[in-house]
Amino acid sequence: MKTITTIGIDLAKNTFQLHGVNARGKVVLRKTLRRDSVALFFANLPACLVGMEACATSAYWARVIESCGHTVKRIHPRFVKPYLMADKNDANDAAAICEAVQRPHMRFVPHKTQDQADIQALHRVRKGFVQARTAAINQARGVLAEYGIVIKQGACHLRSALPTIIEEKQKELSGVIRGLLTTLYVHIKHLDEQIVEQNNALRAIARQREDCQRLLRIPGVGVQTATLLLTVAGKPQDFKNGRQFSAYLGLVPRQHSTGGKQRMYGISKRGNSEVRTLLIHGARSVLRAMKLQRAPLNTKSENAWLIKLVERRGHNRACVALANKMARIAWSMLARGEDYRMAA
């Protein structure tokens, strides 16, 4: 086989399209592989650069191909699109990936270790349970509203009221509806137990990992935020600095400038929306605690900065600014192995 320096691979469920070039950029490989042949192919191939889109299963295939001695880089699909020539198909997609991965200033998605992938799976399963519970609660409210029964807002109120509504005989509810509400109530209770189980698993991980324990010392960072930060950071050293990490999370302003005129809009909202939401909610809790004078953020100078920011830009923008700062602090602690320090 001719010397291959770079390969672009278009991932799929069963068939994988490969596009390889040599050092001069000449195409020397166009090949379609079945799923069970991918590992064997790369195991018998001399070490080269392999590019792929950061899509579903890409973290797994990156680990598999790297174990064969290759260098793997994952690219956001948005950055591959400009290099797509002609119509979209598997062969053209692989060629576009091969071209994009060779660009000197291309930005890549950090890889995840097996432990990070496990933590991410816990968060995703937990999130699915929470969404299913919310849907079941709303469905129960909708059924009750059709019979003139309106319960005060809040999941706790529905949980406490449902058993009474089901047992009361004077309510004008048929046996079918009572059975349906019983099923929904049991389903909600089961989802509550599953969510508690996932929370306990995340707490156990947080207790075992030293880096997670250090992140928990940041004001506004809890178990969910700390464990999720570990997964999205990948290898922290892949980011140049804390600002690049916060930009990766979508916590920096979106820019649309032209003709020398600077236009800065709201945050870009790129990256993982869940960790961004958790950081902003954590910042809200810090501001609320500071306002109530229960738990100062850091020092008097830090509090003065936040107070002036709230007065100048408003509460919501101050929350996002503090979330941005929390992300930068988290990156510095993960990348340098430092402990949280009080500002001077």
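Here is the figure for region 246-278: residues that are within 22 Å of LEU334 (Cβ to Cβ) and either of a type in the set (Lys, Arg) or touching a Gly at 6+ places or on another chain (Cβ under 9 Å) (or both) total 13.
Among the residues of region 144-178, those identified as touching a residue at least 12 places away in the same chain (Cβ under 8 Å), farther than 19 Å from GLU193 by Cα and basic (Lys, Arg) are LYS171, ARG178. Evaluated against (1) in a helix (DSSP H, G or I); (2) free of Cβ contacts under 8 Å to residues at least 24 places away in the same chain, VAL232 falls short on exactly one condition, (2). Within region 203-226, no residue that is more than 13 Å from GLU338 (Cα to Cα) sits with its Cβ atom under 6 Å from a residue that is among the small types (Gly, Ala, Ser) and part of a loop (DSSP other than H, G, I, E, B) at 6+ positions apart or across chains.
Answer yes if at least one residue in region 159-181 is surrounded by 17 or more Cβ atoms within 10 Å (Cβ to Cβ), within 33 Å of the chain's Cα centre (by Cα) and not charged (D, E, K, R), and no otherwise. No, that holds for no residue. Taken as a whole, the condition of being of a type in the set (Asp, Glu) and crowded, with 18+ Cβ neighbours inside 10 Å does not apply to ASP36. Evaluation of ASN14 against the conditions (1) loosely packed, with under 15 Cβ neighbours inside 10 Å; (2) at pLDDT 95 or above shows that the sole unmet condition is (2). Having 2 or more residues that are within 30 Å of THR227 (Cα to Cα) and of a type in the set (D, E, K, R) is the bar; report the helices (runs of 4 or more DSSP H) wholly within region 1-112 that clear it. The helices (runs of 4 or more DSSP H) meeting that bar are 58-66. Taking helices (runs of 4 or more DSSP H) as the structural unit, those lying wholly within region 249-338 and holding at least 3 residues that are over 17 Å from THR225 (Cβ atoms) and either in the same structural domain as GLN237 (by TED's automatic domain parsing) or among the charged types (D, E, K, R) (or both) correspond to 300-313, 315-336. Please give the number of the condition LEU45 fails out of (1) modelled with pLDDT under 95; (2) among the hydrophobic types (A, V, I, L, M, F, W, C); (3) touching a His at 6+ places or on another chain (Cβ under 9 Å); (4) within 17 Å of ALA100 (Cβ to Cβ). So the condition that LEU45 fails would be (4).
The values are calculated or read from the model by the stated rules, or taken from the named source; none is laboratory data. Every value quoted in this text rests on a predicted model; they were computed, and no experiment measured them. Here Cβ is always computed from backbone atoms with ideal geometry, including for glycine, and neighbour counts include all displayed protein chains.
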